[in-house]
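One structure is given here, and the rest of the page talks about it.
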Amino acid sequence: MHRTFYQYLMTQRNPNSTESVAEFANNAFFDQQFPKQSTDFHEVSQYLELNAGYLPSMTIFDESWQAYLASEA
């Protein structure tokens with residue numbers, strides 16, 4: 001993989017959008033502890049489960065991760 005999940009997620013930012021992935025990206029941008037260098041699903045998933053009160057459903061992360069993998073293929 002050439003870029004981290006965080007780098008991919010930042011391409012989904014849109015402060016004017018109410019779409020769940022855009023809101024996830026917008027909130028992750030302001031999360032100083034987000035594992036920005038990670039390309040590991042379990043590391044990012046565990047971090048989000050324990051620390052990301054801004055993510056209403058892990059399904060949003062799962063779908064974003066699949067889109068990330070597809071973008072790297």
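The values are calculated or read from the model by the stated rules, or taken from the named source; none is laboratory data. Keep in mind that what you see is a predicted model, and the values were worked out from it rather than measured. Using ideal geometry, Cβ is built from the backbone for each residue, glycine included, and neighbour counts are taken over all protein chains shown. The area values use the complete protein model at the heavy-atom level, side chains included, leaving out ligands, DNA and RNA. Shrake-Rupley method; radii C 1.70, N 1.55, O 1.52, S 1.80 Å.
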Pairs with Cβ under 8 Å, 6+ apart, first in the stretch 41-66 and over 13 Å from Ser20 (Cα atoms) and at pLDDT 95 or above, second open to solvent by 40 Å² or more (accessible area, probe 1.4 Å) and not in a loop (DSSP other than H, G, I, E, B): Ser45/Met58; Leu48/Met58; Glu49/Met58; Trp65/Phe41
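Which residue is nearest to Pro56 (Cα to Cα), if the candidates are limited to the stretch 12-39 and must be among the charged types (D, E, K, R) and surrounded by 14 or more Cβ atoms within 10 Å (Cβ to Cβ)? Talk me through it step by step, then tell me what you get.
Step one: filter the stretch 12-39 for residues among the charged types (D, E, K, R), giving 13, 19, 23, 31, 36.
From the residues that got through so far, the ones that are surrounded by 14 or more Cβ atoms within 10 Å (Cβ to Cβ) too are 13, 23, 31, 36.
Values: Arg13: 17, Glu23: 10, Asp31: 15, Lys36: 20 Å.
Within the stretch 12-39, the match that is nearest to Pro56 (Cα to Cα) is Glu23.
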Among residues of the stretch 23-44, those that are farther than 20 Å from Glu72 by Cβ and aliphatic (A, V, I, L, M), counted: 0
